[in-house]
Protein chains: 4
Amino acid sequence: MEFGFDAKTEDYRKRLQSFMDEHVYPAEPSLSSHTGWEPPPVLAELQARAKSEGLWNLFLPGEHGAGLTNLQYAPLAEITGRSPSLAPAALNCAAPDTGNMEVLAEFGSPEQQREWLEPLLRGEIRSAFAMTEPGVASSDATNIGTRIARDGDEYVINGHKFYISGAMNPNCKIFIVMGKTDPSAERHVQQSMILVPRDTPGLTVKRGMRVFGYTDGDHGGHAEVLFEDVRVPASNLIGTEGSGFAISQARLGPGRIHHCMRLIGMGERALELMCTRALSRTPFGRPLAEQGVVQDWIAESRVRLEQARLLVLKAAWLMDTVGNKGAHTEIQAIKITVPSTVEWIIDKAIQTYGAAGVSQDTPLAALWTAARTLRLADGPDEVHKRSLARRELNRWRDR
Amino acid sequence: MEFGFDAKTEDYRKRLQSFMDEHVYPAEPSLSSHTGWEPPPVLAELQARAKSEGLWNLFLPGEHGAGLTNLQYAPLAEITGRSPSLAPAALNCAAPDTGNMEVLAEFGSPEQQREWLEPLLRGEIRSAFAMTEPGVASSDATNIGTRIARDGDEYVINGHKFYISGAMNPNCKIFIVMGKTDPSAERHVQQSMILVPRDTPGLTVKRGMRVFGYTDGDHGGHAEVLFEDVRVPASNLIGTEGSGFAISQARLGPGRIHHCMRLIGMGERALELMCTRALSRTPFGRPLAEQGVVQDWIAESRVRLEQARLLVLKAAWLMDTVGNKGAHTEIQAIKITVPSTVEWIIDKAIQTYGAAGVSQDTPLAALWTAARTLRLADGPDEVHKRSLARRELNRWRDR
Amino acid sequence: MEFGFDAKTEDYRKRLQSFMDEHVYPAEPSLSSHTGWEPPPVLAELQARAKSEGLWNLFLPGEHGAGLTNLQYAPLAEITGRSPSLAPAALNCAAPDTGNMEVLAEFGSPEQQREWLEPLLRGEIRSAFAMTEPGVASSDATNIGTRIARDGDEYVINGHKFYISGAMNPNCKIFIVMGKTDPSAERHVQQSMILVPRDTPGLTVKRGMRVFGYTDGDHGGHAEVLFEDVRVPASNLIGTEGSGFAISQARLGPGRIHHCMRLIGMGERALELMCTRALSRTPFGRPLAEQGVVQDWIAESRVRLEQARLLVLKAAWLMDTVGNKGAHTEIQAIKITVPSTVEWIIDKAIQTYGAAGVSQDTPLAALWTAARTLRLADGPDEVHKRSLARRELNRWRDR
Amino acid sequence: MEFGFDAKTEDYRKRLQSFMDEHVYPAEPSLSSHTGWEPPPVLAELQARAKSEGLWNLFLPGEHGAGLTNLQYAPLAEITGRSPSLAPAALNCAAPDTGNMEVLAEFGSPEQQREWLEPLLRGEIRSAFAMTEPGVASSDATNIGTRIARDGDEYVINGHKFYISGAMNPNCKIFIVMGKTDPSAERHVQQSMILVPRDTPGLTVKRGMRVFGYTDGDHGGHAEVLFEDVRVPASNLIGTEGSGFAISQARLGPGRIHHCMRLIGMGERALELMCTRALSRTPFGRPLAEQGVVQDWIAESRVRLEQARLLVLKAAWLMDTVGNKGAHTEIQAIKITVPSTVEWIIDKAIQTYGAAGVSQDTPLAALWTAARTLRLADGPDEVHKRSLARRELNRWRDR
């Protein structure tokens, strides 16, 4: 057992921290008046610089990306989480593109990789992942109502999607759509994934869903999308018919590590902001930093962050050593605990700032919204708790 | 001791509930695409109807208003809180105008009442209350930096205000400004309040502060406002020089009852939405309504709402029977407990809705934002807890 | 609506507070070395004095007792809760005897009343209530396994009871036993209650159950009891065959009010102890009373106690005005919230005392144990939450 | 970074788990009626077996003990925590003896080691550590009032100690006493430690303090102890005059690791008991294991335990690699978080057991008491939070 980072990770961390200090944090103030769905103007410049500094596609293992393990990438994702509106996209490591690139790299045909993975890896286009549907609990994949029907050399797609991240970004050129190719098949082989270019006739991006009043432009927003007799070539199917559920499961593991490590970074940022505020603010003649309740928040934040980080790192290590399946409990555990832990910390940071904390004058309200939303994205925490509890109970059954 | 409402209250409650059912709830869907600072188009019509039905200015005791006691008005404020974007304004019972009308009714000169109170009571104009300042803890009134300096027959106002509720509403015509007329006086008689018409030269509404991405147009937004050599007639001073702190304290009591009872209404609305969702949603083959964790949220919500409501009603009863001062502990207690209680309930309602809960498709995200903000408005909870604790400790000192 | 106590209540409160100050609190130190099951020696004297001062059987409505309503008795129960090891028993208002006397007063035959109710009312004997059984969830009455079988002029009782409060008190002379007279009857008419004198052959008090290491002698302990072919005359049946469940339900309502109001009193006592400790203790050069975290505990305690008390009083008022059934939600609500609220407060008081707080040198550890145990007595909180949630959900069904 | 145990640790873990299964768990039922201060009769036999199996003095690094690192011993301490009334003492790894043996091994003279350390290492005698005093906050060492005054070849000790763990065990033969040799010296060099054999005239063990009704005989109880003109040879001083505070700090680090890892073991035991109960209990026709609230407890327990364990292991690793001082934040962090985390879990386990959970029929109530007490032992959590917060704030000062 050994708790230090390896040399490669330390090198990347140092370079990434410099990049943050020199380029990312100074660009943040330009965001406070940016409320739309398009990328902020400063992003292109940051991307060029990140690419030139070798801080590009760090999330992607294997030949297509930087080749880091989950355990090596995790602490870097944490650092990008400190400035989630800029840093992940600057490094081409932003959701939902990361998951989509992973899918294409692992399951895409050479042709699909050439046409869509390569421009995504170069950061020229963005993408969306269309799974969630209105009116049903999408954490249960059998509820998916979208149909992907074979018709000669084409597939015809009909469905209604909702909260589709990335779709409001004007650079979003490609959708990975989850639907059923065979609704009568066995529960987990009914679904397939298929590539649908944004300009395909019949695909309508109806409106952007708000998130606590925000557009969430950092993620390309979240759209309601209609698919009405949308036709794409049969070669757009990813993998084989019926593999959609399996691919979506494979996509989840690394995504959870990324999300959770970025959350840890958000928590660290909030804690830093809470401390600097507490040191500079003196209501009623006594610095906030000397008030017991604020000290309690700071201590709790530090203790909870340390614990949460270790659990995410262990989950990453398990994914690297025993695979997604062997890391099941830990991946579920971080999804359960990290968003609510970090939400708590950001809430306390907001409280130390008073009205400024809920406004656009600090990043805190937006950070809070991100953490809160992750308590219900990919299935609400409660679904994951139930599943984890069942596995725990099974250890003791029949003893 | 007796826990039933009196006949007058029951009559008003019945009529107000009908008004909500027939006019307010049906108008709510028109709000989901309303994201600016101006009042929603439907409001004028609702106001006309409320006035004609005798549901107007219910908040105001005495001859100028409906003449209800705090205990009689409180359950009505609760009902308006169920639809906080429409109902309070529809009844001319919306903050910050209510507090401003109270100030003018109690402390305004006949001339001030004629010029500003009457159009406010008729709902023709809106108003703002300018107290908070950037960079200092405004919960400590001695921190106020705005100067109100006598110069002949005029006062000259210089200052920088922040988070000024109501000021972004284009109908806002008048500001009540808190500033120091005598910074060298004893701690609590340095401050005065003065009326400043919006179009006075030197008054600049600089920008609207966001609240978790929202404009909070329901309250006329929250503005950053500059006062640069703003000149108004000396007769615009409310009361006497040095009375500003005392007036602001008098303004607080009823305001807390109103806010807290509306919060109870928001909590009831969220609980209703949680229940209807739980009854209609069946993920994994079992209604949410039969899942233990959701049942736990529902039960806790009911229990906490009942307790919170009783405490607010008792505070209102004390204000009516022994006055603001005698109700000090209870008024502080409701400020401490109601926002966080209702925030918790709304959070759980959001969780039952998943992504829809954080979007514009339910009122929940906006309700949550209102509750969260009230944990820090009028001084963060922590300041009130400290003050309440000191009074509790004093009971046992020297025994 | 009116939040003041009536004159009769105020008179009793004043007299009871004097009794506490003059007789009960001074007797407390004698308890710290009293660890057995028998009543403390000082009790007899306190009882004599309470009787002579007209502070006797206050819990019992109607001619047999003081004739107070639930709303009048509740604030008196609160005061006795401040010293739960002495005051309730001193006033002959201690569980489980109170519930047993209520049952006998309401459902007992004249003969049963003469033989058992009268000596109980005089405080000459104590009693036990035998319902809970090992190995099953006793919150579900259909689980009861004890048999009460008619055999000529007698009933023969066989069963195994567990956690039978009162049974370890050497003065306990009579058991009210719940069992099934007809296991094949409809769900809620299978059960009956029957009187079993302690010295009846076949009744064995096997051992005393501990409660966090305590004997809980205040309640006469909690015993494991065996009934092996225990024979009593048929006239010992209370009410009619099959009425056991209904009687147990009638017994619950007032019991919950009593328990919860005593808990409020325990919470007040703990808050007083927390304050006096905070004022007298100065670690690291600064009184605990000036430390933010301790102030936060004190403020939260005060706010939570006020809310909890109001809810219990409202439940009492509902019982008096619309009966047990109309007060169902509120009775359940107080059972859900009061024990955990008071447990939290006592925990914080303990923390201010350090090691002394968990020892016999303050009443806090014993108070905590009482509050914790009430989170699971009469069915765990979770059962009551589920039931309350279902009623709440039913309000919205079919809308 | 690497999360697996090394081979030596795995070997010890396997052997220790077998020892638990074969000898410790089967001996537990004999404890339920053991309520005094003397060691349970079965202990001697368990000690003999542990010694013969090489599971002896595992806690002690260096030549005197098993020579394990903190990181190697920590997972073994966890396993002993699963049965804290028997396993730690069976392996001669029980507090307060472990800390005392560490002090003697590191700071004791050869003579002191021969006379006291050796019999302690052989498990022939037990010891006590006398630091806490009544009436002052002992978490502040300058508050210590006990005097250790040089008088010729002797030291004369006068003081009043309180909550002295181990002192009620009849086998306790030696006290390590903390007192002031020079009250006028600089703050942290006033204190010294000295060895006082139990039978020295003037040393009176006055009474045993209860812990929530328990004697806490597992730790040899907690005594109030008087030192009245107690004379011991000058050679009984440990180290030099003024080194008492430094020794007590050195003693704390490993002690916190041990306590926290045993707590993790208690949490695991409670979780196991919660699961087995949930699987076997079926109230209202549905197993507890399928009820959402119980599943929520189980999932939360697992997630919290995993995080807490990782943090303790990291603290142990830091102690081994960068020393006590470099591990300061983490050692404080585990003291803050582990007791309350485990207390929460045990509370939920108790709730699944109902009345049995608070009685002597499960180990849960005693486990809970241990966890609760550790929230205030060695200074209440709040003191450690304040200290940790200050260090965190210092990171951001002057930036």
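The values are calculated or read from the model by the stated rules, or taken from the named source; none is laboratory data. Note that the coordinates shown come from a computational prediction; the quantities given were computed from them, not determined experimentally. Every residue, glycine as well, gets a Cβ built from its backbone with ideal geometry; the counts of neighbours run over all protein chains shown.
General observations
- Among the criteria (1) part of a loop (DSSP other than H, G, I, E, B); (2) among the polar types (S, T, N, Q); (3) more than 28 Å from B:Ala223 (Cβ to Cβ), the one A:Gln332 does not fulfil is (1).
- Residue ID - nearest to B:Tyr214 (Cα to Cα), chosen from residues in region B:4-18 that are free of Cβ contacts under 8 Å to residues at least 60 places away in the same chain and either away from every other protein chain (no Cβ under 13 Å) or crowded, with 16+ Cβ neighbours inside 10 Å (or both): B:Ser18
- Figure legend. Inter-residue proximity from region A:375-396: first residues more than 7 Å from chain D (Cβ to nearest Cβ) and under 12 Å from A:Ile336 (Cα atoms), second residues in a helix (DSSP H, G or I) and acidic (Asp, Glu), beta-carbon distance below 8 Å, spacing 6+ or different chains. Indicated pairs: A:Arg375/A:Glu343; A:Arg375/A:Asp381; A:Glu382/D:Asp296.
- Selection status of B:Ala349, within 18 Å of B:Thr276 (Cα to Cα), more than 12 Å from chain C (Cβ to nearest Cβ), without any contact (Cβ under 8 Å) to a residue 60 or more places away in the chain and not β-branched (Val, Ile, Thr): no
- The one condition in (1) within 14 Å of chain B (Cβ to nearest Cβ); (2) under 22 Å from A:Glu2 (Cβ atoms); (3) not basic (Lys, Arg) that D:Ala316 fails to fulfil: (1)
- Residue match in region C:250-272 (condition: at pLDDT below 90, more than 27 Å from the chain's Cα centre (by Cα) and assigned to a helix (DSSP H, G or I)): no
- When A:Thr321, A:Thr329 are checked against the criterion of being more than 14 Å from chain C (Cβ to nearest Cβ) and free of Cβ contacts under 8 Å to residues at least 24 places away in the same chain, A:Thr321 stands alone in meeting it.
- Some residue of region A:305-326 being at positive phi and either assigned by TED's automatic domain parsing to the domain that holds A:Arg256 or not polar (S, T, N, Q) (or both): yes
- Residue match in region C:347-354 (condition: of a type outside the set (S, T, N, Q) and farther than 20 Å from C:Ile298 by Cβ): no
- Residues of region C:227-277 that turn out to be of a type outside the set (Gly, Ala, Ser) and within 30 Å of C:Ile79 (Cα to Cα), as a count: 24
- Which listed residue, of A:Ala366, A:Ala355, is surrounded by fewer than 22 Cβ atoms within 10 Å (Cβ to Cβ), in contact with a strand residue (DSSP E or B) (Cβ under 7 Å, 6 or more places away or on another chain), under 22 Å from B:Tyr214 (Cα atoms) and more than 14 Å from chain C (Cβ to nearest Cβ): A:Ala355
Here is a yes/no grid of residues against (1) in contact (Cβ under 8 Å) with a residue 12 or more places away in the chain; (2) more than 15 Å from A:Thr373 (Cα to Cα):
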| residue | (1), (2) |
| --- | --- |
| A:Gly208 | yes, yes |
| A:Asp218 | yes, no |
| A:Gly221 | yes, no |
| A:Leu226 | yes, yes |
| A:Leu237 | yes, yes |
| A:Ser248 | yes, yes |
| A:Arg256 | yes, no |
| A:Ser280 | no, yes |
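- B:Glu38 surrounded by fewer than 18 Cβ atoms within 10 Å (Cβ to Cβ) and within 14 Å of chain C (Cβ to nearest Cβ): no
- Among (1) in contact with a Pro (Cβ under 7 Å, 6 or more places away or on another chain); (2) buried (at least 18 other Cβ atoms within 10 Å of the Cβ); (3) at positive phi, the one test that C:Asn57 misses: (1)
- Total residues in region B:284-302 satisfying the condition of being more than 13 Å from chain D (Cβ to nearest Cβ) and in contact with a Lys or Arg (Cβ under 8 Å, 6 or more places away or on another chain): the figure is 1.
- Residue satisfying condition, being small (Gly, Ala, Ser) and in a helix (DSSP H, G or I), within set D:Ala105, D:Ala128: D:Ala105
- Test result for A:Gln360, part of a loop (DSSP other than H, G, I, E, B) and away from chain D (no Cβ under 14 Å): yes
- Where a residue in region C:59-78 is touching a residue at least 40 places away in the same chain (Cβ under 8 Å) and its partner, wherever it lies, is part of a helix (DSSP H, G or I) and of a type in the set (Phe, Trp, Tyr), with Cβ under 7 Å and at least six apart: C:Phe59/C:Tyr73; C:Leu71/C:Trp317; C:Leu76/C:Tyr12
- Test: residue in region A:112-135 that is hydroxyl-bearing (Ser, Thr, Tyr) and either on the phi > 0 side of the Ramachandran plot or modelled with pLDDT under 95 (or both): yes
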